[in-house]
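Working notes, structure below.
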Amino acid sequence: MKFILLLFILPACLPVPAAERAFYLWQRSWTPETELAVRACDRPLSAFAAELSRDKTERSAAPAEFWRRPGVTAVFRLRLDAFSTEGFRRLAAEIVRNGCPRVQLDADIPERRLAEYADRLKELRQALPASVREFSITALPCHLPHAAFADAARQADYYVLQLHGLDVPRNIEEPYALLDPAVARTAIVRARKLGRPFRLALPTYAYRLSFDPGTGAFAAISAEGGAPPEGRWNNRLAAPDPALLRDLLRENPDLPVIWFRLPVRGDLLNYDRETIAQLETGVIPVERLDIELRRTAPNAVELRVTPRARIQLEPLRLELSWPRRTGEFDLAPGVRNESGNRAFAVLPDRLSVPFGGCGTQVRAATFFIDETNHPVIKEIKP
């Protein structure tokens, strides 16, 4: 009897197999860096295909063959001003034009219009060609308590629960968070009770928040593109909490996850693949700065730095201690000598190095020194 009981208990003790991990690809342009990241990605991709507003349609520059690649889902963003009969007609035509067999609709629908949304989704599915084999939608935590959302979810093969979002602060003193732990966990419980297939979208990116330096009032928000002009704004970062991401993965090993977004070289506000891989193995990534001195000639040494598991707005600042400060050097573009003594042929003891992105190695300087004059280098923390 004990042996039979053990057979029933043992399966419950076995680990749950890890669910599928995928990425969102949200770049609208198709640069060599984007192409390289896509080619290196061995996972499913949910890629931005087009955004429809009332007056225009903006399309991805991805090549036509990309949408036929196995594992690619074409994501169509419908802005609220295009939430109309004409907007859904254009959406259906755009889906046909794209030709991808897997389609996702991304629309931040107000809660009061969820019933209307469910009706329009039903009409849209009927209008789609048989070549569309999979149809999904996105959802926000605030949608889940409403009965009308259950109707909308039934029109899709699955939905993606976007746990991240930012309530923009009115001023620099107000608190903010990219991912609220209580909201996220409550939403997952509600989604499980709903009984429809769903996946989690989790953030790997950060927002740059800019505030007026005089009044502290909110001025701008960006998750992509270049930084605001230096000195014009007080900038803050709304970044993911790696410990919370790790915990959500541990608590929900059965749920498929789509990371937002695929790391692409040059994306300064996103984690790299190495950091994401650590999260997936249950490790909380630890921020560090790898510093390498590489001899490139008998009298020349390159200084290279690689930030790990970090997103930041400020440049990297280094302190260099030399046996002898006499020598020549060449700074990489954007690197600043912040030494007190900047006389000719005096080696720098402080450098400011632009942040090149999580996991991106950059050359900071070349020092023309002999083998006996290697510096001790450490990062200066803010």
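For the stretch 317-334, a tally of residues being loosely packed, with under 14 Cβ neighbours inside 10 Å and either farther than 30 Å from Val286 by Cα or within 29 Å of the chain's Cα centre (by Cα) (or both) returns 6. In the set Leu78, Leu105, Leu121, Leu91, only one residue is over 23 Å from Leu200 (Cα atoms) and aliphatic (A, V, I, L, M); that residue is Leu91.
Every listed requirement among (1) at pLDDT below 95; (2) touching a helix residue (DSSP H, G or I) at 6+ places or on another chain (Cβ under 9 Å) is met by Leu313 save one, (2). Residues that are in contact with a strand residue (DSSP E or B) (Cβ under 9 Å, 6 or more places away or on another chain) and acidic (Asp, Glu) occur in the stretch 101-124; there is at least one. If you check Thr306, Thr372, Thr275, Thr296 for being in the same structural domain as Asn252 (by TED's automatic domain parsing) and β-branched (Val, Ile, Thr), only one passes: Thr275.
Might you check whether a residue that is in a strand (DSSP E or B), surrounded by 15 or more Cβ atoms within 10 Å (Cβ to Cβ), assigned by TED's automatic domain parsing to the domain that holds Leu200 and touching a Phe, Trp or Tyr at 6+ places or on another chain (Cβ under 8 Å) occurs anywhere in the stretch 92-100? No; the residues of the stretch 92-100 include none that is in a strand (DSSP E or B), surrounded by 15 or more Cβ atoms within 10 Å (Cβ to Cβ), assigned by TED's automatic domain parsing to the domain that holds Leu200 and touching a Phe, Trp or Tyr at 6+ places or on another chain (Cβ under 8 Å).
Of the residues in the stretch 323-334, how many are more than 14 Å from Ile377 (Cβ to Cβ), of a type outside the set (D, E, K, R) and not in a loop (DSSP other than H, G, I, E, B)? Working first, answer last.
Taking the stretch 323-334 first, the residues more than 14 Å from Ile377 (Cβ to Cβ) are 324, 326-328, 330-334.
Within this subset, residues satisfying the condition of being of a type outside the set (D, E, K, R) are 326-327, 331-334.
Of the ones still in play, those that are also not in a loop (DSSP other than H, G, I, E, B) are 326, 331.
Total satisfying the criteria: 2.
Kindly evaluate Ser84 against the criterion of being at pLDDT 95 or above and closer than 24 Å to Leu161 by Cβ. No, not satisfied. Condition (residue is of a type in the set (S, T, N, Q) and either surrounded by 13 or more Cβ atoms within 10 Å (Cβ to Cβ) or at positive phi (or both)) applied to the stretch 120-129: is it met by at least one residue? No, the stretch 120-129 contains no residue that is of a type in the set (S, T, N, Q) and either surrounded by 13 or more Cβ atoms within 10 Å (Cβ to Cβ) or at positive phi (or both).
The residue that is surrounded by the most Cβ atoms within 10 Å (Cβ to Cβ), among those in the stretch 306-316 that are in contact with an Asp or Glu (Cβ under 7 Å, 6 or more places away or on another chain) and not β-branched (Val, Ile, Thr), is Leu316.
Every residue, every condition in (1) of a type in the set (S, T, N, Q); (2) within 23 Å of Arg170 (Cβ to Cβ); (3) in the same structural domain as Ala40 (by TED's automatic domain parsing), yes or no:
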residue	(1), (2), (3)
Gly195	no, no, yes
Gly214	no, yes, yes
Ala217	no, yes, yes
Ala223	no, yes, yes
Pro242	no, no, yes
Leu245	no, no, yes
Leu249	no, no, yes
Asn252	yes, no, yes
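Has the stretch 205-214 got any residue that is surrounded by fewer than 17 Cβ atoms within 10 Å (Cβ to Cβ), among the hydroxyl-bearing types (Ser, Thr, Tyr), modelled with pLDDT under 95 and under 21 Å from the mean Cα position of the chain (by Cα)? Step through it out loud before you land on a result.
From the stretch 205-214, those surrounded by fewer than 17 Cβ atoms within 10 Å (Cβ to Cβ) are 212-214; that's our starting set.
From the residues that got through so far, the ones that are among the hydroxyl-bearing types (Ser, Thr, Tyr) too are none.
Checked against the condition, which is being surrounded by fewer than 17 Cβ atoms within 10 Å (Cβ to Cβ), among the hydroxyl-bearing types (Ser, Thr, Tyr), modelled with pLDDT under 95 and under 21 Å from the mean Cα position of the chain (by Cα), the stretch 205-214 yields no hits at all.
Screening the stretch 335-382 for residues that are among the charged types (D, E, K, R) and outside any loop (DSSP other than H, G, I, E, B) and picking the one that is surrounded by the fewest Cβ atoms within 10 Å (Cβ to Cβ) gives Lys378.
Here's the yes/no breakdown for (1) modelled with pLDDT under 95; (2) part of a helix (DSSP H, G or I); (3) acidic (Asp, Glu):
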position: Ile109; (1), (2), (3): no, no, no
position: Arg112; (1), (2), (3): no, yes, no
position: Ala115; (1), (2), (3): no, yes, no
position: Asp119; (1), (2), (3): no, yes, yes
position: Lys122; (1), (2), (3): no, yes, no
position: Arg125; (1), (2), (3): no, yes, no
position: Phe135; (1), (2), (3): no, no, no
position: Thr138; (1), (2), (3): no, no, no
position: Ala148; (1), (2), (3): no, yes, no
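The values are calculated or read from the model by the stated rules, or taken from the named source; none is laboratory data. Keep in mind it's a predicted model, so treat the numbers as computed, not measured. FYI the Cβ positions are ideal-geometry reconstructions off the backbone, even for glycines, and counts take in every protein chain you see.
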